[in-house]
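Chemist: I have a structure here, written as structure tokens, and I will follow up with some questions on it.
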Amino acid sequence: MTQLVKQFDVVVIGGGPGGYIAAIRAAQLGFSTACIDSWSNDKGGPAPGGTCTNVGCIPSKALLQSSEHYEHAGHAFADHGINVSGLELDVAKMLGRKNTIVKQNNDGILYLFKKNKVSFFHGHGSFVQAAEGGFQIKVAGKTEEIIAGKHVVIATGSNARALPGAAFDEELILSNDGALKIAAVPKKLGVIGAGVIGLEMGSVWRRCGSEVTVLEALPTFLGAVDEQIAKEAGKLFGKQGLNIHLGVKIGEISKGENEVTVNYVDDKGTEHQAVFDKLIISIGRTPNTNGLNGDAIGLQLDERGFVAVDGDCKTNVANVWAVGDVVRGPMLAHKAEEEGVAVAERIAGQHGHVNFNTIPWVIYTSPEIAWVGRTEQQLKADGVAYKAGTFPFMANGRARALGDTSGMVKFLADATTDEILGVHIVGPMASELISEAVVAMEFKASAEDIARICHAHPSLSEATKEAALAVDKRSLNF
Ligand code: FAD
Ligand code: NAI
């Protein structure tokens, strides 16, 4: 028989960026805190950090970096007078490096738990009942135990969505998990879904030498991105050799011994049959409430299977909260983290806050795409009068020195007040440049504020200043 082993103020279920950060913040605020996470490494040991650390943000960026170096060595170094001969890609080493980085992050989180006195439980958590003194949760790991928390934070994340009739086997039909573990560069790689994962993972394997075909259902490319930026990005990806087909309808997918055949109809109604060595399916993710047994406490899900929460991440059950991918809103690690911090602070009676209007998005392709705030098409739809200013990296000295002059920075500001409403970047280091725009928007800055701030020369950030100047039609270098 299991017995109650320990009572906590706060129990967090899930140790991804939403959960582990919520646990650390709760512990900082003086609560006795536990975090339960089920992810195991290949030796069966704990691997906290969730999708982000194990099969998401971190490993994908490691492979993006390695593959970019390979591409530069093969195609860009010569422009700098550096001649490379005998260039070889050691995929096993590239994957090994990625695995080491993942492990460093797993270990880092375990260290942070110790440092902050968060009790970590490795196993699967499920609700047993709401009892006096708190919610009882069964942890099924190497052993089984029950812990209880006065407050519970659900941070169980999301899983890759499969296409009906094409279950992931992670050998031929790959989710993000398998896409990060391909042992040898596939000659022909198919990708279904030209979203964030499709473009990032498609870029990795294209740079490594795959012929990559991306099949996207929607007729527009990157519909959530500012149209001008998406158009520019689409052009650049096409030039790099990423074959993106829009408006396709996927038909039957069948597996052979070493290949996958995808039947599809293109936007003109013509039927095609494409044979790939590997197929990545990246068509979005579904919230993960598997085995959580929320019914035991009467937890409500919304119609799409997300844990239903209000603007403060409160569920329908008092003192049960939910954050990150398992609730509404963008599926981003930094959004999950911000919600985790805000919930811990709300439990402490503070006024934790997440500003959904200033959550940045980044697609880590080359060039990178990053944005914050509203797009030009959204402003038009909302009937907002705006002014736009753009500045191309072609006219930026640092971009020329880097040898990466693709793309632009675009500012959108209110026509009357000049307040910044959106900033959109396609170009080198867009992921870093966007921070300035996020800070500016948090402080409700005007385009003129950015235009009047001294930016280091030569730096890519001068393109940001110049785009802000362009809002008022007074760029200095273009
Ligand atoms: P998760 O990270 O999914 O963590 C949930 C954890 O809970 C997991 O460890 C899971 O095992 C555990 N768990 C689930 N159920 C239970 C249970 N019942 N008991 C115990 N443990 C349980 N976002 C970005 O912002 N930037 C990026 O660059 C980026 N790149 C990505 C690349 C890829 C390939 C993918 C797939 C995603 C990427 N994301 C990125 C999205 C990001 O990974 C997620 O938004 C983020 O991980 C969500 O955090 P979370 O804490 O809500 O959930
Ligand atoms: P996504 O939502 O970004 O893209 C899915 C794409 O698949 C869409 O363009 C959609 O129209 C298309 N699609 C859907 N059904 C289809 C079908 N049947 N046939 C063809 N195309 C179809 O989802 P993705 O790429 O799976 O990523 C999931 C989430 O993970 C992202 O939305 C993002 O939140 C997160 N992520 C974030 C990253 C980052 O911040 N850099 C990197 C990777 C993932």
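Chemist: Under a 1.4 angstrom probe, counting protein chains only, how are Lys380, Lys314 ranked by accessible area, largest first? Walk me through the numbers on the way to the answer.
Modeler: Working: Lys380 135, Lys314 95 Å².
Highest to lowest solvent-accessible surface, that is Lys380, Lys314.
Chemist: Under 5 Å between amide H atoms, partner at least 5 residues away or on a different chain: which partners does Phe120 have, H built in plane at 1.01 Å?
Modeler: Cys35
Chemist: Taking the solvent-accessible surface of protein heavy atoms with a 1.4 Å probe, what is the per residue accessible area of segment 151-286 in Å²?
Modeler: Numbers: 5980 Å² over 136 residues.
Here the residues of segment 151-286 average 44 Å² of exposed surface.
Chemist: Let me ask something else. Please list 3J(HN,Hα) in residue order for segment 23-38, calculated via the Karplus relation 6.51 cos²θ - 1.76 cosθ + 1.60 where θ = phi - 60°; whole Hz, with x for glycine and proline.
Modeler: Per residue, the Karplus-derived 3J(HN,Hα) values read 5, 5, 5, 4, 5, 4, 7, x, 7, 6, 10, 10, 10, 9, 9, 9 Hz.
Chemist: Of all the accessible heavy-atom surface of the chain, with the other protein chains kept in place and a 1.4 Å probe, what percent is carbon and sulfur?
Modeler: On the way: 11260 of 22160 Å².
Carbon and sulfur: 51 percent of the exposed surface of the chain.
Chemist: Decide, for segment 173-283, between rounded, prolate and oblate: order the square roots of the alpha carbon gyration tensor eigenvalues as a ≥ b ≥ c, take rounded if a/c falls under 1.5, and otherwise choose prolate if a/b is larger than b/c, else oblate.
Modeler: Judged from the Cα gyration tensor, segment 173-283 comes out oblate (a/c at least 1.5, b/c at or above a/b).
Chemist: Still on this structure, please answer the following. Could you list, bin by bin from short to long, the percent of Cα-Cα pairs of the chain in 10 Å steps?
Modeler: With 10 Å bins starting at 0, P(r) equals 4, 18, 25, 26, 19, 7, 1, 0.
Chemist: Between Gly251 and residues 5 or more places away or on another chain, which pairs have amide H atoms under 5 Å apart, with H built 1.01 Å from N, and which residues are they?
Modeler: Correct list: Asn263, Tyr264, Val265.
Chemist: Karplus couplings for segment 202-208 from phi (6.51 cos²θ - 1.76 cosθ + 1.60, θ = phi - 60°), rounded to Hz, Gly and Pro as x?
Modeler: x, 5, 3, 6, 5, 4, 7
Chemist: While we're looking at this one, here's another question. Projecting each Cα onto the charge dipole of segment 275-412 (Lys/Arg +1, Asp/Glu -1 at the beta carbon, about the Cα centre), which of Val362, Asn288, Cys313 comes out farthest on the positive side?
Modeler: Comparing the listed Cα positions along the dipole, Val362 ranks first.
Chemist: Could you state the orientation-averaged shadow area of the convex hull built on the Cα atoms of segment 48-175, in nm² to one decimal? Present the calculation step by step, with values, prior to reporting the outcome.
Modeler: On the way: hull surface 51.8 nm².
The Cα convex hull of segment 48-175, projected and averaged over all directions, gives 13.0 nm².
Chemist: Hey, got the dipole for segment 295-450? About the Cα centre, +1 on K and R Cβ, -1 on D and E Cβ, debye to the nearest 20? Before the final figure, lay out each step's value.
Modeler: On the way: 12 positive and 22 negative charges, 72 e Å.
Using Cβ point charges on Lys, Arg, Asp and Glu, segment 295-450 gives about 340 debye.
Chemist: Taking segment 188-272, which trypsin sites (Lys or Arg not before Pro) meet the DSSP loop condition and have no more than 15 other C-beta atoms within 10 Å? It would help to have the intermediate numbers written out before the result.
Modeler: On the way: sites: Lys188, Arg206, Arg207, Lys231, Lys235, Lys239, Lys249, Lys255, Lys268; in loops: Lys268.
Counting only loop positions with at most 15 other Cβ atoms within 10 Å, the trypsin sites (Lys or Arg not before Pro) in segment 188-272 are Lys268.
Chemist: Give me the dipole magnitude in Debye, nearest 20, for the chain about the Cα centre, with unit charges on the beta carbon: positive for Lys and Arg, negative for Asp and Glu.
Modeler: On the way: 44 positive and 54 negative charges, 135 e Å.
That gives the chain a dipole magnitude of about 640 debye.
Chemist: Give me, ordered by chain and number, the residues 5 or more places off Asn159 or on other chains with an amide H under 5 Å from its own placed amide H.
Modeler: For Asn159, the qualifying residues are Thr286, Asn288.
Chemist: Okay, moving on. What list of ³J(HN,Hα) values in whole Hz, one per residue of segment 158-167 in order, does the Karplus curve 6.51 cos²θ - 1.76 cosθ + 1.60 (θ = phi - 60°) give from phi, with Gly and Pro shown as x?
Modeler: 3J(HN,Hα) across segment 158-167, in whole Hz: 9, 10, 5, 7, 8, 8, x, x, 9, 4.
Chemist: Determine the dipole magnitude for segment 173-283: charges of +1 sit on the beta-carbon of Lys and Arg, -1 on that of Asp and Glu, nothing else is charged, the reference point is the Cα centre, and the result goes in debye to the nearest 20. Don't jump to the answer; show the numbers that get you there.
Modeler: Numbers: 12 positive and 14 negative charges, 63 e Å.
So the magnitude is around 300 debye.
Chemist: So for the chain, taking the charge dipole from beta-carbon charges (+1 Lys/Arg, -1 Asp/Glu), which of Pro392, Ser203, Gly108 sits furthest toward the positive end?
Modeler: Value computed over the given set: Gly108.
Chemist: Follow-up. What is the sum of charges around Asp226, taking Lys and Arg as +1, Asp and Glu as -1, for the other residues whose C-beta is under 13 Å from the C-beta of Asp226? Spell out each step's value before the answer.
Modeler: On the way: positive: Lys231, Arg374, Lys380, Lys410; negative: Glu227, Glu232, Glu376.
Cβ neighbours under 13 Å give a net charge of +1.
Chemist: Run through segment 301-399 and list the GluC sites (Glu not before Pro) located in a DSSP loop whose Cβ has at most 15 other Cβ atoms within 10 Å.
Modeler: Values: sites: Glu303, Glu337, Glu338, Glu339, Glu345, Glu368, Glu376; in loops: Glu303.
Counting only loop positions with at most 15 other Cβ atoms within 10 Å, the GluC sites (Glu not before Pro) in segment 301-399 are Glu303.
Chemist: When N is the residue count of segment 358-471, what does its C-alpha Rg come to as a fraction of 2.2 N^0.38 Å? Could the numbers behind the result be given before it?
Modeler: Working: Rg = 13.0 Å, N = 114, 2.2 N^0.38 = 13.3 Å.
Working it through for segment 358-471, the quotient is 0.98.
Chemist: Now, a different point. Which order do Val426, Val341 take by accessible area at a 1.4 Å probe, largest first? Numbers along the way, then the final one.
Modeler: On the way: Val426 0, Val341 40 Å².
Result, largest first: Val341, Val426.
Chemist: On average, how much accessible surface per residue is there in segment 358-471, in Å², for a 1.4 Å probe, leaving out ligands, DNA and RNA?
Modeler: Numbers: 4510 Å² over 114 residues.
That works out to 40 Å² per residue.
Chemist: Net charge within 12 Å of Glu259 by Cβ-Cβ distance, Lys/Arg positive one each and Asp/Glu negative one each, not counting Glu259 itself? Working shown, then result.
Modeler: Details: positive: Lys187, Lys188, Lys255, Lys278; negative: Glu171, Glu257, Asp277.
Local charge sum for Glu259: +1.
Chemist: Which of the GluC sites (Glu not before Pro) across segment 1-106 are loop residues per DSSP, with 12 or fewer other Cβ within 10 Å? Mind showing how you got there, number by number?
Modeler: Working: sites: Glu68, Glu71, Glu88; in loops: Glu88.
Within segment 1-106, the qualifying GluC sites (Glu not before Pro) (loop, at most 12 other Cβ atoms within 10 Å) are Glu88.
Chemist: Leaving ligands, DNA and RNA out of it, rank Ser85, Ser67 by accessible area with a 1.4 Å probe, largest first.
Modeler: Details: Ser85 110, Ser67 0 Å².
The residues order as Ser85, Ser67, largest area first.
The values are calculated or read from the model by the stated rules, or taken from the named source; none is laboratory data. Remember, it's a predicted structure, so these values are computed and weren't measured experimentally. With ideal geometry, Cβ positions are generated from the backbone for all residues, glycine too; neighbour counts draw on all protein chains shown. All accessible areas refer to the heavy atoms of the entire protein, side chains included, with ligands and DNA or RNA removed. Shrake-Rupley method; radii C 1.70, N 1.55, O 1.52, S 1.80 Å.
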